[in-house]
Amino acid sequence: MSAENPFAVPSDDPFGPHNLPYGVFGTAAEPRHRIGVRLGDRVLDAGAAARAVGAPADIAELLSAPVLNPLLAAGRPAWTRVRAALTDWLTGAEYRDAVGPLLAPVPEVTLRLPFEVADYVDFYASEHHAATVGRIFRAGGDPLTPNWKHLPIGYHGRAGTVAVSGSPVVRPCGQRRPAGEAAPSYGPSLRLDVEAELGFVVGGASERGERVTMAGADDHVFGVCLVNDWSARDVQSWEYVPLGPFLGKSFATSVSPWVVPLDALAHARTAPPPRDTPLLPYLDDSAVLPPCGLDIAMELRLNGHTLSRPPFAAMYWTYAQMLAHLTVNGASLRPGDLFASGTVSGPDPDSVGALIELTRGGEQPVELPDGTRRTYLEDGDEVVITATAPGPGGVRVGFGEVAGRIEPARV
């Protein structure tokens with residue numbers, strides 16, 4: 001993309017017109033939060049563009065909000081109309097004079113949390129991750145719990161600690177009982193970990209008492225973002241029996257600033273891995289078309305060094321199954337709900353999405369290029385997760401990044 005022509009996006013740019021992810025931004029000149037749409041290395045002020053081209057009032061109103069939630073609430077037909085309009089404005093020669101001045105270079109914008117998180121649920125959808133962690137925690141036993149292949153296991157997280165990429169991550173404190181100790185102690189987590197995940201942003205509310213079927217999932221999933229659901233493994237291992245994750249997970253969840261529309265991922269659709277356990281009808285996706293697996297290639301970096309490349313295509317449970325299970329008891333959906341996949345891991349050591357797997361529970365430290373070693377995260381460490389997916393004609397769809405740096409505990 002050239003300074004003279006902000007519409008001249010290279011054909012292989014992962015943020016070309018085939019993508020057009022949504023975010024929320026401000027600038028030094030105008031810090032007010034507003035919806036932005038990324039094209040190449042520019043960000044379009046979507047609301048200003050709608051007004052400049054004389055868009056219909058409903059589209060202009062949705063794009064003029066300070067967060068994505070009104071657009072999320074508008075539902076699938078509105079999402080389709082808005083995306084089509086944005087594509088026209090950013091590709092049609094007749095709109096260039098009106099829209100061009102509203103494209104700001106990415107380095108000149110400050111990206112914000114793109115939506116107000118209503119509820120947050122985190123799943124445990126990777127068989128490879130669950131099995132590896134199970135072998136660490138239950139050596140000699142069945143690595144998977146008896147229910148694992150019958151339902152997508154999840155926990156309800158804390159929406160108030162979901163933060164946009166780049167927000168500092170303060171090392172959490174809590175109770176932990178080291179191996180061999182008879183009683184717990186209090187202090188900063190000594191086993192702070194990452195979890196490379198995908199997040200699914202929900203729009204289109206459902207009523208309490210109703211449920212969303214797998215066939216209806218696409219009417220409620222607006223788009224996809226990157227997630228790092230940071231984990232204090234020592235705090236978690238002491239508290240999670242019998243009720244599951246609590247303080248070991250609730251201190252921070254980082255999300256990428258860009259939400260890739262589900263419609264931009266049509267070429268990433270793929271069948272999930274073969275299943276060897278019969279599923280109850282509400283989770284049986286053998287006849288669901290198009291398939292709801294997603295071929296998304298992720299990369300996990302620590303202090304600039306690539307640790308692994310987790311493949312989302314290897315996930316056992318799909319987003320449609322997760323959403324169907326989340327609502328099968330009649331739990332309602334609200335615009336801005338976020339549900340995440342859980343750690344994305346593949347079968348190989350260089351395809352795992354968490355340090356607990358990479359270091360075998362801290363027994364096999366990772367050596368970094370600077371000669372230092374890690375079992376878990378140290379203060380000052382920076383974690384960056386990126387991802388791309390197949391797009392039309394061999395072009396990739398970009399997700400940007402979710403990044404976070406560890407700050408010392410506040411004891």
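The values are calculated or read from the model by the stated rules, or taken from the named source; none is laboratory data. Fair warning: this is a prediction, and the values are worked out from it, not measured in the lab. Here the Cβ is made from the backbone with ideal geometry for all residues, glycine too, and neighbour counts use every protein chain on show. Just so you know, the surface numbers come from the protein's heavy atoms only, side chains and all, with ligands and any DNA or RNA stripped out. Shrake-Rupley method; radii C 1.70, N 1.55, O 1.52, S 1.80 Å.
Here Pro6 meets each of (1) part of a loop (DSSP other than H, G, I, E, B); (2) out of contact with any strand residue (DSSP E or B) (no Cβ under 6 Å at 6 or more places or on another chain); (3) over 25 Å from Leu113 (Cβ atoms) with one exception, condition (2).
For the condition aliphatic (A, V, I, L, M), buried (at least 21 other Cβ atoms within 10 Å of the Cβ) and touching a strand residue (DSSP E or B) at 6+ places or on another chain (Cβ under 8 Å), Leu338 qualifies. Note on the stretch 153-248: enclosed strands (runs of 3 or more DSSP E) holding 3 or more residues that are open to solvent by 10 Å² or more (accessible area, probe 1.4 Å) and either out of contact with any Leu (no Cβ under 9 Å at 6 or more places or on another chain) or closer than 18 Å to Leu338 by Cα (or both) are 154-156, 162-164, 185-188.
Total residues in the stretch 105-121 satisfying the condition of being closer than 22 Å to Val9 by Cβ, open to solvent by 40 Å² or more (accessible area, probe 1.4 Å) and either touching a helix residue (DSSP H, G or I) at 6+ places or on another chain (Cβ under 6 Å) or of a type in the set (A, V, I, L, M) (or both): the figure is 1. Looking across the stretch 134-143, the residues that are in a helix (DSSP H, G or I) and open to solvent by 10 Å² or more (accessible area, probe 1.4 Å) come down to Arg135, Ile136, Phe137. For Tyr124, the stated conditions do not hold, so it cannot be described as open to solvent by less than 50 Å² (accessible area, probe 1.4 Å) and in contact with a strand residue (DSSP E or B) (Cβ under 7 Å, 6 or more places away or on another chain). For Tyr282, only one of the following conditions fails: (1) touching a strand residue (DSSP E or B) at 6+ places or on another chain (Cβ under 8 Å); (2) open to solvent by 40 Å² or more (accessible area, probe 1.4 Å); (3) in a helix (DSSP H, G or I). What is its number? Unmet for Tyr282, out of (1) touching a strand residue (DSSP E or B) at 6+ places or on another chain (Cβ under 8 Å); (2) open to solvent by 40 Å² or more (accessible area, probe 1.4 Å); (3) in a helix (DSSP H, G or I): (1). Meeting the requirement of 1 or more residues that are free of Cβ contacts under 8 Å to residues at least 40 places away in the same chain and among the hydrophobic types (A, V, I, L, M, F, W, C), the helices (runs of 4 or more DSSP H) wholly within the stretch 34-129 are 46-53, 57-63, 76-91.
Among the residues of the stretch 361-397, those that are crowded, with 20+ Cβ neighbours inside 10 Å and over 19 Å from Ser351 (Cα atoms) comprise Gly391, Arg396, Val397.
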